[in-house]
1. What span do the alpha-carbon atoms of the stretch 1-147 cover on each of the three principal axes, reported in whole Å from largest to smallest?
2. Helix 48-63: angle to the longest alpha-carbon principal axis of the chain, degrees 0 to 90, nearest 10?
3. Between the alpha-carbon centers of the stretch 1-22 and the stretch 112-140, tell me the distance in whole angstrom.
4. Taking 25 Å as R0, compute the FRET efficiency from the Cβ-Cβ separation of residue 67 and residue 8 and round it to 0.05.
5. Per-residue ellipticity at 222 nm for the chain, helices alone: DSSP H runs ≥ 4 residues times -39500 (n - 2.57), over residue total, nearest 500 deg cm²/dmol?
6. Just the number: Rg to Rh for the stretch 35-122, Cα atoms, Kirkwood Rh, two decimals.
């Protein structure tokens with residue numbers, strides 16, 4: 001129960017940071033996505049089920065502040081969390097910069113999914129060459145913030161007894 005409260009507070013905190021401070025750091029139309037990186041961290045630590053749940057809830061929270069069709073971020077984050085959660089068992093955990101690599105790859109996947117899903121949902125103005133540049137730059141930003149976000153998520157995701165699982 002304490003774990004769920006910490007993760008819920010993390011989502012709220014990251015939404016506030018994303019919509020206030022981070023949105024002002026826009027470079028060439030791109031910003032890092034705190035909740036996408038947090039979703040990747042949860043999926044990396046806990047697996048696909050946790051990545052889907054955290055990503056969906058976090059995506060719904062950030063969707064309240066976006067002009068794209070409601071639910072696009074939720075579906076995007078859930079799918080990205082699921083994909084990393086499925087693949088995470090084969091990843092080397094002792095690499096020093098694994099979080100940055102995961103965030104960069106997840107940023108590219110998540111950004112691409114967002115554009116495709118939003119386009120299918122009616123925001124076809126996103127299918128441009130500019131979107132590719134924004135996705136790649138956002139992936140770089142995601143990689144930069146990952147070494148800070150991953151330890152915060154690791155702390156929030158652990159159970160008081162030391163175990164880590166969303167379903168407990």
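1. Ordered largest first, the stretch 1-147 gives principal extents of 39, 31, 28 Å.
2. 50
3. 25
4. Step by step, r from the Cβ atoms, then E = 0.50.
5. On the way: 6 runs with 115 residues, N = 168.
Computed ellipticity for the chain at 222 nm equals -23500 deg cm²/dmol.
6. 0.99
Values in this text are rule-based calculations from the coordinates and carry no lab data. What you see is a predicted model; the values in this text were computed from it and never measured. In this analysis, Cβ positions are derived from the backbone assuming ideal geometry, glycine residues included, and neighbour counts consider all displayed protein chains.
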